[in-house]
Amino acid sequence: MNLTQSIQKFSSQPITHQLLMSLLKDYKRPNDKIAKWLKQGQLISLKRGLYVWDSQNLPELFSIANVLSAPSYVSAESALSYWGLIPEQTFTVVSMSLNATKNFQNELGNFEYKKLPFPYYSFGIVREKFRENQFALMASPEKALSDKIIITSGILFRSASSAKSYLIENLRIDREELQKLDTKKMKSWLPDSPKKESIQNIIKAIETL
């Protein structure tokens, strides 16, 4: 097995600098080889020390998002779009994290991370499979909606009617899709939830549809 074939074995996942160095252990100047691959476009830099090999088997963007900043999970409009709740296709992968808010931009896309407090952060996370060996931690539809409300600056709902207007007119979520959401789960997160009043009114709005 040649060097390229050895690296392609890892093409479905982000590759660390440490792994590349181990594969290049027989080279006198392995960093020069890495720099050459980057210049040729065979190797794509996600952030310092983390790469993907350019192939037909690139990792899913949501899987990459999990690795770029850990712990984290895909949420808000990215998850809402994935679950089919909002009509828009999103071009930035939005994730929730326990770490400080940060952004990454690389050749594969934009990745945005918003900080949430514990234990609220840990609620409503699911492990979604996209294809063979491709998984990502994501917010459930209910958690994605709650997170969207919490991280959006300036959103405060004082009534169920204002919450309903936001859901239907601003986010353009179909009434039938809203009715499928499990409000019991959402209520169980309320004691630890930021923007508690707003989330309560979101729940009331859904329950009165």
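The values are calculated or read from the model by the stated rules, or taken from the named source; none is laboratory data. As the structure is a prediction and not an experimental result, all values here were calculated from the model. We place every Cβ from the backbone using ideal geometry, glycine too, and count neighbours over all the protein chains shown.
Give the residue, chosen from 169, 142, that is acidic (Asp, Glu), modelled with pLDDT of 95 or more and touching a Gly at 6+ places or on another chain (Cβ under 8 Å). Even if it seems obvious, please write down each step before you answer.
Details: 169 fails: touching a Gly at 6+ places or on another chain (Cβ under 8 Å).
None of the others qualify; the one that does is 142.
Please pick out the residue among 127, 175 that is in contact with a strand residue (DSSP E or B) (Cβ under 6 Å, 6 or more places away or on another chain) and surrounded by fewer than 19 Cβ atoms within 10 Å (Cβ to Cβ). Step through it out loud before you land on a result.
Working: 175 fails: in contact with a strand residue (DSSP E or B) (Cβ under 6 Å, 6 or more places away or on another chain).
When all the criteria are applied, what remains is 127.
Here is a yes/no grid of residues against (1) closer than 30 Å to residue 167 by Cα; (2) under 18 Å from the mean Cα position of the chain (by Cα); (3) modelled with pLDDT of 95 or more:
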| position | (1), (2), (3) |
| --- | --- |
| 12 | no, yes, no |
| 23 | no, no, no |
| 56 | no, no, no |
| 77 | yes, yes, yes |
| 86 | yes, yes, yes |
| 98 | yes, yes, yes |
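Give the range 185-209 a look and list any residue that's surrounded by fewer than 16 Cβ atoms within 10 Å (Cβ to Cβ), within 24 Å of the chain's Cα centre (by Cα) and without any contact (Cβ under 8 Å) to a residue 60 or more places away in the chain, or say none.
Answer for the range 185-209, where residues must be surrounded by fewer than 16 Cβ atoms within 10 Å (Cβ to Cβ), within 24 Å of the chain's Cα centre (by Cα) and without any contact (Cβ under 8 Å) to a residue 60 or more places away in the chain: 187, 190, 196.
Go through the range 1-39 residue by residue and tally those that are outside any helix (DSSP H, G or I), of a type in the set (A, V, I, L, M, F, W, C) and in contact with a helix residue (DSSP H, G or I) (Cβ under 6 Å, 6 or more places away or on another chain).
Step one: filter the range 1-39 for residues outside any helix (DSSP H, G or I), giving 1-2, 9-16, 24-29.
From what is left, the residues that are of a type in the set (A, V, I, L, M, F, W, C) are 1, 10, 15, 24.
With the extra rule that they be in contact with a helix residue (DSSP H, G or I) (Cβ under 6 Å, 6 or more places away or on another chain), the set shrinks to 24.
Qualifying residue count, the range 1-39: 1.
Can you list residue pairs whose Cβ atoms sit under 7 Å apart, with the first residue in the range 1-15 being of a type outside the set (Asp, Glu) and the second being in a helix (DSSP H, G or I)? Count only pairs 6 or more apart in sequence or on different chains.
3/23; 6/23; 7/23; 10/19; 14/64; 14/67
Which residue pairs have Cβ atoms under 7 Å apart, sit 6 or more places apart or on different chains, and have a first residue in the range 40-60 that is assigned by TED's automatic domain parsing to the domain that holds residue 20 and part of a strand (DSSP E or B) and a second that is surrounded by fewer than 14 Cβ atoms within 10 Å (Cβ to Cβ) and hydrophobic (A, V, I, L, M, F, W, C)?
Final answer for the pair search is 45/38.
If a residue must be out of contact with any Ser or Thr (no Cβ under 8 Å at 6 or more places or on another chain), assigned to a strand (DSSP E or B) and either in contact (Cβ under 8 Å) with a residue 40 or more places away in the chain or polar (S, T, N, Q) (or both), how many such residues does the range 110-142 contain?
Number satisfying all stated conditions: 2.
Taking residue 95 as meeting all but one of (1) surrounded by fewer than 17 Cβ atoms within 10 Å (Cβ to Cβ); (2) touching a residue at least 24 places away in the same chain (Cβ under 8 Å); (3) of a type in the set (Gly, Ala, Ser); (4) on the phi < 0 side of the Ramachandran plot, write down the number of the exception.
(1)
For residue 186, are the conditions met, namely being under 30 Å from residue 71 (Cα atoms), in a strand (DSSP E or B) and at pLDDT 95 or above? First the steps, then the outcome.
Details: under 30 Å from residue 71 (Cα atoms): yes; in a strand (DSSP E or B): no; at pLDDT 95 or above: yes.
The answer is no for residue 186.
Here are some residues: 123, 130, 157. Which one is at pLDDT below 95, over 12 Å from the mean Cα position of the chain (by Cα) and assigned by TED's automatic domain parsing to the domain that holds residue 66? Write out each step before concluding.
Details: 123 fails: at pLDDT below 95; 157 fails: at pLDDT below 95.
Exactly one of 123, 130, 157 is at pLDDT below 95, over 12 Å from the mean Cα position of the chain (by Cα) and assigned by TED's automatic domain parsing to the domain that holds residue 66, namely 130.
On the given criteria, is residue 148 closer than 14 Å to residue 85 by Cβ and either touching a Leu at 6+ places or on another chain (Cβ under 8 Å) or in a loop (DSSP other than H, G, I, E, B) (or both)? Outline the logic, then answer.
On the way: closer than 14 Å to residue 85 by Cβ: yes; either touching a Leu at 6+ places or on another chain (Cβ under 8 Å) or in a loop (DSSP other than H, G, I, E, B) (or both): yes.
Here the answer is yes, as residue 148 does meet what is asked.
Considering only residues that are outside any helix (DSSP H, G or I) and more than 21 Å from residue 132 (Cα to Cα), which ones fall in the range 73-92?
At the first step, the residues of the range 73-92 found to be outside any helix (DSSP H, G or I) are 73-75, 83-92.
Those that are outside any helix (DSSP H, G or I) and more than 21 Å from residue 132 (Cα to Cα): 75, 84, 85, 86, 87, 88, 89, 90, 91, 92.
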